[in-house]
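Engineer: Shown below is the structure under consideration.
The values are calculated or read from the model by the stated rules, or taken from the named source; none is laboratory data. Owing to the predicted nature of the structure, the values given are computational and were not obtained by experimental measurement. So basically every Cβ, Gly included, is an ideal-geometry build from the backbone, and we count neighbours across all protein chains shown.
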Amino acid sequence: MSNDYLDQLFSLEGQVALVAGASSGIGAEFARGLARAGADVVLCARRADRIEALAKDIAEETGRRTLALSMDVKSQESVEAAFTDAEDQLGTPTVVCSNAGVGHQVRMLEETEEQWDHMMDTNLKGMWRVGRVAAKHMMSAGLKGSIINTASILGLGVTNQHLSYATSKAGVVQMTRAMALELQRYGIRVNAICPGFFVTEINEEGLNTERGQQMLAMTPARRAGELPELVPAMLMLASPASSFTTGVALPVDGAHSVKLVP
């Protein structure tokens, strides 16, 4: 039986959602969840073949309109073009999940300047680009909305061999708060989700090693999260249910980020 109260709070019916970094992992799961909640969805990534296939699959499953657009978050022109095309073809995105990111595990003294720059330009500056363009389009259309940045619990605490990644995600957390402060007056909310260890293309190889499995066994949950476990937190922040929630960095990590010792 449908619950009208919950449907009213959490439905995204009539909204256009855009997911940057939608080709796999968290972004792909978010795109599917947004469509299931009633939004028309724009899937953006560099790998056009991946998002085109996923967009078709989501449309067939949910009956929502979907659109696959090429976007490289390291290029301002690419980000602007994707938002313009999305607006022209589906409407102004009022829910934006900024999820594109990279990661690597390397010792501080062995990391190259090129690796550092790639990490920062993608994970931090890329989200800055997406957030600014998203806000400008919403404001120009006179619409309120929600921007959700994918950070990490490594933006709240650190572990070995993740210097640039943790630094980039800590920057995302602070950027989220700063954006929330400035955009609240326009009715645009900005929040961050801080996932714990979820198996994605970025970390699958490392988590499946003996060392990775030992690390997971020492977390409070003693396992990695499953991607569908991230979606409800995202939908809460995207939906009218969170109309007065902004500037939040929300861990979804099975209590990992509050554990003081290994």
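Engineer: Looking at the range 6-45, which of its residues are on the phi > 0 side of the Ramachandran plot and of a type in the set (D, E, K, R)?
Structural biologist: Scanning the range 6-45 gives no hits.
Engineer: Among (1) in contact with a strand residue (DSSP E or B) (Cβ under 9 Å, 6 or more places away or on another chain); (2) assigned to a helix (DSSP H, G or I), there is one condition E60 misses while meeting the rest; what is its number?
Structural biologist: (1)
Engineer: Here's something else I'd like to know. Within the range 117-135, which residues are touching a Ser or Thr at 6+ places or on another chain (Cβ under 7 Å) and of a type outside the set (A, V, I, L, M)?
Structural biologist: Answer for the range 117-135, where residues must be touching a Ser or Thr at 6+ places or on another chain (Cβ under 7 Å) and of a type outside the set (A, V, I, L, M): N123, G131.
Engineer: Same structure, new question: So is N123 among the polar types (S, T, N, Q) and farther than 30 Å from F10 by Cβ or not?
Structural biologist: Answer is no for this residue.
Engineer: Quick one: which residue in V19, V96, V42, V102 is within 14 Å of the chain's Cα centre (by Cα), in a loop (DSSP other than H, G, I, E, B) and surrounded by 14 or more Cβ atoms within 10 Å (Cβ to Cβ)?
Structural biologist: Just one listed residue meets the conditions, V102.
Engineer: I'd like to know if the range 157-169 contains one or more residues that are in contact with a Leu (Cβ under 8 Å, 6 or more places away or on another chain), modelled with pLDDT of 95 or more and under 25 Å from A35 (Cβ atoms).
Structural biologist: no
Engineer: Where residues in the range 197-223 are within 19 Å of V158 (Cβ to Cβ) and among the small types (G, A, S), which of them is surrounded by the fewest Cβ atoms within 10 Å (Cβ to Cβ)?
Structural biologist: Top of the filtered list is G206.
Engineer: Another question about this same structure. Where in the range 191-251 are the helices (runs of 4 or more DSSP H), entirely inside, with at least 3 residues that are modelled with pLDDT under 95?
Structural biologist: Passing ranges, in order: 204-207, 210-217.
Engineer: Also, I was wondering about something else. One residue is enough: does the range 158-165 have a residue meeting the conditions closer than 22 Å to G27 by Cα, in a helix (DSSP H, G or I) and of a type in the set (F, W, Y)?
Structural biologist: yes
Engineer: Test S78 against the stated conditions and say whether it is surrounded by fewer than 23 Cβ atoms within 10 Å (Cβ to Cβ), in the same structural domain as N123 (by TED's automatic domain parsing) and touching a strand residue (DSSP E or B) at 6+ places or on another chain (Cβ under 9 Å).
Structural biologist: yes
Engineer: Against the conditions (1) of a type in the set (S, T, Y); (2) more than 26 Å from S24 (Cβ to Cβ); (3) touching a residue at least 60 places away in the same chain (Cβ under 8 Å), where does S140 fall short? Just the number, please.
Structural biologist: (3)
Engineer: Any residue in the range 169-182 that is of a type in the set (D, E, K, R), outside the structural domain of L18 (by TED's automatic domain parsing) and surrounded by fewer than 19 Cβ atoms within 10 Å (Cβ to Cβ)?
Structural biologist: no
Engineer: Would the range 206-213 turn up any residue that is on the phi < 0 side of the Ramachandran plot, in contact (Cβ under 8 Å) with a residue 60 or more places away in the chain and small (G, A, S)?
Structural biologist: Yes, the range 206-213 has at least one match.
Engineer: Quick one: A68 ticks every box in (1) closer than 12 Å to V16 by Cα; (2) assigned to a strand (DSSP E or B) bar one, so which box is it?
Structural biologist: With (1) closer than 12 Å to V16 by Cα; (2) assigned to a strand (DSSP E or B) applied to A68, the lone miss is (1).
Engineer: Here's something else I'd like to know. For N149, work out the one condition from (1) at pLDDT 95 or above; (2) part of a helix (DSSP H, G or I) it doesn't fulfil.
Structural biologist: It is condition (2) that N149 fails.
Engineer: Give the residues of the range 22-39 that are in a loop (DSSP other than H, G, I, E, B), over 12 Å from the mean Cα position of the chain (by Cα) and in contact (Cβ under 8 Å) with a residue 40 or more places away in the chain, sorted by residue number.
Structural biologist: Across the range 22-39, the qualifying residues are A37, A39.
Engineer: Kindly list, by first and then second residue, each pair from a residue in the range 189-203 that is among the aromatic types (F, W, Y) to a residue that is part of a strand (DSSP E or B), limited to pairs with Cβ atoms under 7 Å and residues at least 6 apart or on different chains.
Structural biologist: Pairs that qualify, where the first residue is among the aromatic types (F, W, Y) and the partner is part of a strand (DSSP E or B), are F197/G225; F198/G225.
Engineer: Looking at the range 2-16, which of the residues that are surrounded by fewer than 24 Cβ atoms within 10 Å (Cβ to Cβ) and hydrophobic (A, V, I, L, M, F, W, C) is modelled with the highest pLDDT?
Structural biologist: F10
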